[in-house]
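First the structure, in the form of structure tokens, and then the observations on it.
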Amino acid sequence: MTDINVDVLIIGAGPSGCVAAAYLHKKGINVKVVEKNEFPRFVIGESLLPRCMDHFEEVDLLDCLISKGFEVKKGARFIRKDTVCEFDFSKKHTDGYNWTWQAPRADFDKTLTDELEQRGIDISFKHEVLDVQFIKDGTSISTVKLSNDYHYKIKAKFIIDASGFGRVLPRLLNLDKPSKIPQHSSIFSHVKDVNRPKGREGTLITFDVIDKDCWLWVIPFSNGNTSIGYVCTTDFLNRFKGSATEILQEMLKLSDYYYERFKEMDFLFKPVIIRNHSKSVKQLYGNGYVLTGNSAEFLDPVFSSGVTFATESGLLAAKLIAKALNGEVVDWDTSYSNYIKEGVTVFGTYVKEWYTGNLQTIFFEGETNPEIKKQICAVLAGYVWDKSNPFVKNHNRLLPTLAHVIRMGV
């Protein structure tokens, strides 16, 4: 390959990179997407939130996804022992989509990239960004390696780092910093769900709470497979010995609700363990680049915020870059960094209060006022920028206060 000049280089072809590329291409901006892996490829983050449907719709990616028949997700169920708490996305404070999907990301992401390639967007798979050098005006020169070890360079006016857990620019530019979210680890795999109950029970995404710091996810797909995985403190996970397969088999015994359904079931791939999965960065943008999705922040899987933050940040970054390329002045602090951090902070509060036990108290103890439940449901649907919602605007104060009221029986 010869060296390339583009307006925008996007690193990563997941949902964040695809939404950004679709928007920029629609605006007539010369964009190139570089993806380290070959698609389809496995990645976690299989449960979406309704908020991201707005993003797919805006860049005309809904139809190709609908055509694949992914499992529709209309809410979420939380179980703790004999107590069940369900959220219905049609009963939420904020207007917006009442449904989304739970889908194997290998198929989901491949659908997106296939659609982009049909539109003529240049995507290079199995191309890895090794190094990036920035010039004073923000222009960058990236060194890219092909699978055959051939190297070439891409000159770009802007870079969107949508590399997910690859975190290309955070690594190269030393942008990583410790997350404020308590450190947890995950272990997960897929199974062919031969014991799946018929009807609604067999389709529900469920979070089965073992204790305050340990829970099991169950995410059924329309293809008959189901994603199962535990999230727990790293110390809790370290109690279990043996291979990853043996550990997950043993941990399934912790679930009274699901053990009979999944016991002695073969995993479709060796269980994956991710330790201390929460991530953060020192800054979300710089001269000539912007970080989106998991390249910027990853909170915790408990409320499925990953893809929504990916598409929210990817689309917003693309819009601001389009303005900058058009000669408009962009206030990246206000329009991007502060905005994204507001949403991350709201969701981060819900994650933290889940692990303090306050949110679990709200979910499982006492009767929650229907209006309050709608307000919390809107947050769980991903609408974390709607300040007409008291549980967005006053998230830090209201969650512990409500939990205290419930415990006191007031």
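For this structure, a couple of remarks:
- Extending 7 Å from Cα along the Cβ direction at Glu328 and again at Asn5 yields two label points whose distance is 2.6 nm.
- Charge dipole of the chain (Cα centre as origin; +1 on each Lys and Arg Cβ, -1 on each Asp and Glu Cβ, all else neutral): 540 debye, rounded to the nearest 20.
- A Cβ-based charge dipole, computed about the Cα centre of the stretch 284-410 with Lys and Arg at +1 and Asp and Glu at -1, lands at about 160 debye.
- Counted residue by residue at 0.36 nm each, then reduced by the alpha carbon distance between them, the extension gain from Phe134 to Tyr150 reaches 3.6 nm.
- The fewest-to-most ranking of Cys232, Cys64, Cys52 by surrounding Cβ atoms within 10 Å reads Cys64, Cys232, Cys52.
- Volume of the convex hull of the stretch 210-342 (Cα atoms only), normalised per residue: 150 Å³.
- Percent of C-alpha pairs per 10 Å bin in the stretch 332-410, short distances first: 18, 51, 23, 6, 1.
- Residue with peak Gaussian network fluctuation, the chain [Cα springs, cutoff 10 Å], from Ile362, Ile135, Ile160: Ile135
- All aspartates and glutamates inside 14 Å of Lys282 as judged from Cα atoms, apart from same-chain residues fewer than 8 positions distant: Asp176, Glu297, Asp333
- Which of Thr113, Thr308 has the fewest Cβ neighbours within 10 Å, and the rest in rising order: Thr113, Thr308
- Cα convex hull volume per residue for the chain (Å³): 143
- Proximal aspartates and glutamates to Lys393, defined as alpha-carbon separation beneath 18 angstrom and excluding residues fewer than eight positions away on the same chain: Asp95, Glu342, Glu353, Glu371
- With bins 5 Å wide beginning at 0, the percent of Cα pairs of the stretch 1-105 falling in each bin runs 2, 10, 16, 18, 18, 13, 9, 7, 3, 2, 1, 0, 0.
- With neighbours defined as other Cβ atoms within 10 Å of a residue's Cβ, the residues Asp300, Asp213 order from fewest to most as Asp213, Asp300.
- Bridges between two residues of the chain, per DSSP, are antiparallel at a rate of about 70%.
- Projected-area mean, the stretch 184-274, by convex hull of Cα positions, square nanometres: 5.5
- Inter-label distance, nm, simple model (7 Å from Cα along the C-beta direction), Gln183/Glu201: 4.1
- Selected from Arg77, Arg119, Arg239 as most flexible by GNM, with the chain as the system and alpha-carbon contacts under 10 Å: Arg239
- Label-to-label distance, Ile274 versus Val405, with points set 7 angstrom from Cα along the beta-carbon direction: 3.5 nm.
- Between the stretch 39-82 and the stretch 141-168, the alpha-carbon center distance in angstrom: 28
- Applying a length cut-off of 24 Å (Cα extent along the axis) and a mean Kyte-Doolittle floor of 0.5 to the DSSP H helices of the chain leaves 306-325.
- Note on the chain: with a GNM built from Cα contacts shorter than 10 Å, the maximum mean-square fluctuation among Lys192, Lys387, Lys73 falls on Lys387.
None of the figures in this text is laboratory data; all of them are computed from the coordinates on show. Remember, it's a predicted structure, so these values are computed and weren't measured experimentally. Please note: Cβ atoms are built from the backbone with ideal geometry, for glycine as well, and neighbour counts cover all protein chains shown.
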